[in-house]
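Reviewing the structure listed below.
The values are calculated or read from the model by the stated rules, or taken from the named source; none is laboratory data. Note that the coordinates shown come from a computational prediction; the quantities given were computed from them, not determined experimentally. With ideal geometry, Cβ positions are generated from the backbone for all residues, glycine too; neighbour counts draw on all protein chains shown.
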Amino acid sequence: MDLTNKTILVVGGATGIGSATARICAMQGAKVIIADYNEAAGAETAAAAGAMYVPVNVADENSVKALFARIAEQYDHLDVLIQTAGVLKGAYVPVEEFSLETFTNVVDINATGSFLCTKYAVPMIKKAGGGAIILISSVAAIGVSSSVAYGASKGSVSSLGVTLANKLAEDNIRVNVVHPGGIKTNMKLSVIGAEAETRGQSGEQAIAQAAAGAELGEPEGVGKILAWLASDEAEYVRGFLFTR
């Protein structure tokens, strides 16, 4: 793949799949902007990738608006938005015990955050004459999730992507939604630990075993897919994609 001279924003690019994606895009010649709430990890990843870092809270419209204003100061357009920012809270909490505060927080970050990033990215992508928007959902959107909030929020992201794909096609903006499965991220490992504890087992031991095993895929594997989707080679790809 060749991403030379493409301007790519990776939201949630400080750690996990986002970090892997940002580094791969930069290695393929892209001008990368990393946006993330985690300032220390975001700045570190950006420095390693030769990228620009901008702090953001995707659940706050003013923060997202400020992010794109900062990008506009550096670049006159944007070619690709890759939105990987997300959280999982309330794993294995029964629905009757699930707090509204937790549910709202997860939806605000995962679903509303995807909407807000898209809202402000589209005008800049239109200035480029078109491009791509890549949203990260999860197999939890169509299967079973450990968290009612996470499952609901990722289902919303998937539906958002379908709607956007239809509405933005005339602007030459391609929208894809990627559904990762079991990937070795801190989020996934924390869920494995929570599951073990519900069974009366050691969460720490379960996490260590999962991290050392080969059952989970590496973030770089998904990062390669996202970087390829950002390239012109993927211009004929439509709809949902699923990974291990």
Can you name every residue in the range 186-219 that is surrounded by fewer than 15 Cβ atoms within 10 Å (Cβ to Cβ), under 22 Å from the mean Cα position of the chain (by Cα) and acidic (D, E)? E215
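Residue by residue, here is whether (1) at pLDDT below 95; (2) among the hydroxyl-bearing types (S, T, Y); (3) surrounded by fewer than 16 Cβ atoms within 10 Å (Cβ to Cβ) holds:
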site: N5; (1), (2), (3): yes, no, yes
site: A35; (1), (2), (3): no, no, no
site: G42; (1), (2), (3): no, no, no
site: A47; (1), (2), (3): no, no, yes
site: A66; (1), (2), (3): no, no, no
In the range 49-61, anything acidic (D, E) and outside any loop (DSSP other than H, G, I, E, B) is listed as E61
Name every residue in the range 1-34 that is touching a residue at least 60 places away in the same chain (Cβ under 8 Å) and over 12 Å from A230 (Cβ atoms), in order of residue number. V11, G12, G13, T15, G16, I17, G18, S19, A20, R23
Does any residue of the range 122-137 turn out to be touching a helix residue (DSSP H, G or I) at 6+ places or on another chain (Cβ under 9 Å), modelled with pLDDT of 95 or more, surrounded by 15 or more Cβ atoms within 10 Å (Cβ to Cβ) and assigned to a loop (DSSP other than H, G, I, E, B)? yes
Single unsatisfied condition, E233 versus (1) assigned to a helix (DSSP H, G or I); (2) loosely packed, with under 15 Cβ neighbours inside 10 Å; (3) at pLDDT below 90; (4) of a type outside the set (K, R): (3)
Restrict the check to the range 168-183 and report whether at least one residue is within 20 Å of T104 (Cα to Cα), charged (D, E, K, R) and either surrounded by fewer than 20 Cβ atoms within 10 Å (Cβ to Cβ) or in the same structural domain as G18 (by TED's automatic domain parsing) (or both). no
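Determine whether E204 is touching a Gly at 6+ places or on another chain (Cβ under 8 Å) and not in a helix (DSSP H, G or I). Walk me through it before giving the result.
On the way: touching a Gly at 6+ places or on another chain (Cβ under 8 Å): yes; not in a helix (DSSP H, G or I): no.
In short, no.
Being of a type in the set (A, V, I, L, M, F, W, C) and more than 27 Å from V106 (Cβ to Cβ) is true for just one of A35, A40, A30, A14. Which residue is that?
Values: A35 fails: more than 27 Å from V106 (Cβ to Cβ); A40 fails: more than 27 Å from V106 (Cβ to Cβ); A14 fails: more than 27 Å from V106 (Cβ to Cβ).
Of A35, A40, A30, A14, the one residue that is of a type in the set (A, V, I, L, M, F, W, C) and more than 27 Å from V106 (Cβ to Cβ) is A30.
For the range 1-48: of the residues being among the hydroxyl-bearing types (S, T, Y) and either outside any helix (DSSP H, G or I) or farther than 20 Å from L189 by Cβ (or both), which is nearest to the chain's Cα centre (by Cα)?
T15
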